[in-house]
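A short reminder: the numbers here are calculations on the coordinates, not readings from a lab. The model shown is predicted, which means the values in this text are computed figures rather than measured ones. Cβ placement follows ideal geometry from the backbone for every residue including glycine, while neighbour counts extend to all protein chains displayed.
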Amino acid sequence: MQKILVIDDDQDILDLLCFNLERAGIKCISALEGVEGFALATSEVPDLIVLDIMMPGFSGIEVLKRLKREVETRRIPVVMLTAKGEEVDRVLGLELGVEDYVTKPFSVRELVLRITRILARFDRNEEGPLLRCNGITLDSESYEVRVAGSSVRLTTTEFNLLAYLLKNKGRVLSRDRLLEHVWGYRYGGTTRTVDTHVQRLREKLGDEANCIETIRGVGYKLQSVRSG
């Protein structure tokens, strides 16, 4: 049974989410504050974390930063849950590598559906073999990316974006298609999300960044290129 950790300082929300997740056949563990939530994440290593941003003391953003620093937890997909809807919070969460961003009040049914889609997508990602392009090697089993033999640390979203580009090497992928397949649903906001993540991914790929070609007005394509 898949296991989800919900971290929120509202007991009613914890009870509601856990009840509906259990009904969907997903084990649910919970914490009312950040310190306890981070401890549970490192000890239980759940398949997904639902994390509230606004919590007293240890905020959700601080929990997320610490999760991304730990080897055991940095690949766990995170869904941010918050009452704040400002773009700055949304962008910050995406830059830190969250999979989804849900604003309160929310539909429990929709949230559970998003969670199950993310879990299914991560299961599919884990089944693939080694993926390569020029000096880039991605191992979907160990969640490791190497560029010219050196390990490169990516966020979960950057890893999934690179994996999808590698699996579709040579194909032009629209921004909408990338949003649907990498983020797992049709994102209701701007496609700038894709551009931001591609830019950050290129920075981390260094000399191999030119493998990702921008197709003006459409999206991106990953292709083998010759140096020199």
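Annotations for the structure displayed:
- Under 13 Å, Cβ to Cβ, from G34 - net charge with Lys/Arg +1 and Asp/Glu -1: -4
- Segment S150-V71, extension gain: residue separation times 0.36 nm, minus the distance between their alpha carbons: 26.8 nm
- Cysteines not pairable in the chain (beta carbon separation under 4.7 Å absent): C133, C211
- Rounded tilt (10° steps) of 192-205 against the dominant C-alpha axis of the chain: 60
- Label-zone membership for region 1-27, site E33, 7 angstrom Cα→C-beta point, backbone N under 12 Å: 9
- Extension gain from R192 to T42, taking 0.36 nm per residue of separation minus the Cα-Cα distance: 50.8 nm
- Contact order, relative form, for region 127-222: 26 percent (alpha carbon pairs under 8 Å, 6 or more residues apart, mean separation divided by residue count).
- Here each label is just a point 7 Å from Cα along the line to Cβ, and for R202 and F19 those points are 4.9 nm apart.
- Distance violations [Cα-Cα > 24 Å] among K167/K204; K3/K65; K68/K204; K65/K169: K65/K169
- Which of F122, F159, F106 has the fewest Cβ neighbours within 10 Å, and the rest in rising order: F106, F122, F159
- Helix 156-167 vs. the chain, principal-axis angle (Cα, 0 to 90°, nearest 10): 40
- Efficiency of FRET from Cβ geometry, V172 and L92, R₀ 25 Å, rounded to 0.05: 0.25
- In order through region 45-60: 3J(HN,Hα) via Karplus (6.51 cos²θ - 1.76 cosθ + 1.60), integer Hz, x for Gly, Pro: 6, x, 7, 7, 10, 9, 10, 7, 6, 8, 9, x, x, 8, 6, x
- Option label - P(r) over Cα pairs in 10 Å bins from 0, in percent computed here, alternatives (i) 7, 26, 28, 19, 10, 6, 3, 1, 0, 0; (ii) 7, 33, 35, 18, 5, 0, 0; (iii) 8, 33, 39, 19, 2: (ii)
- Taking the helices alone, the chain has a mean residue ellipticity at 222 nm of -13000 deg cm²/dmol, built from -39,500 (n - 2.57) per DSSP H run of at least 4 residues and averaged over all its residues.
- For region 17-90, the square roots a ≥ b ≥ c of the C-alpha gyration tensor eigenvalues yield an a/c of 1.5 or more together with a/b not exceeding b/c, which makes the shape oblate.
- Förster-model FRET efficiency, 30 Å R0, S142 and E180, C-beta, rounded to 0.05: 0.65
- Residues L178, L40, ranked from the fewest to the most other C-beta atoms within 10 Å, line up as L40, L178.
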